[in-house]
């Protein structure tokens, strides 16, 4: 079986809508990390303090075929083409251990349905 890691780095306010979109597209579990980012543009300051904003990093391990579908759904629902509040990408996995057996079963069922 082939798997990919889908990574979404998003503005914190998009975290819940992104997870909902991913789950509706077939994703299972997600690992959520808090993050800060520094953009290319200078941020505005207020009384000498610069606010960069918080970000969330969402990490999904998905079947390779499913990862593209989840990514497209998230991009559409979050409207990432019209604003720069996040980036989503996939990375192929070569080796994996400890994946949930239910996820493997769902993958096998989808393959049978496609055949």
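Brief remarks follow.
- The residue of the stretch 12-31 that is surrounded by the most Cβ atoms within 10 Å (Cβ to Cβ), among those that are out of contact with any strand residue (DSSP E or B) (no Cβ under 6 Å at 6 or more places or on another chain) and not in a helix (DSSP H, G or I), is 25.
- Filtered residues of the stretch 78-115 (kept if closer than 20 Å to residue 5 by Cβ and at pLDDT 85 or above): 78, 80, 86, 87, 88, 89, 90, 91, 92, 93, 94
- Total residues in the stretch 59-109 satisfying the condition of being assigned to a loop (DSSP other than H, G, I, E, B) and out of contact with any strand residue (DSSP E or B) (no Cβ under 8 Å at 6 or more places or on another chain): the figure is 10.
The values are calculated or read from the model by the stated rules, or taken from the named source; none is laboratory data. All values derive from a computational prediction rather than experimental measurement. A quick note on method: Cβ atoms are made from the backbone with ideal geometry, for glycine too, and the neighbour counts reach across all protein chains shown.
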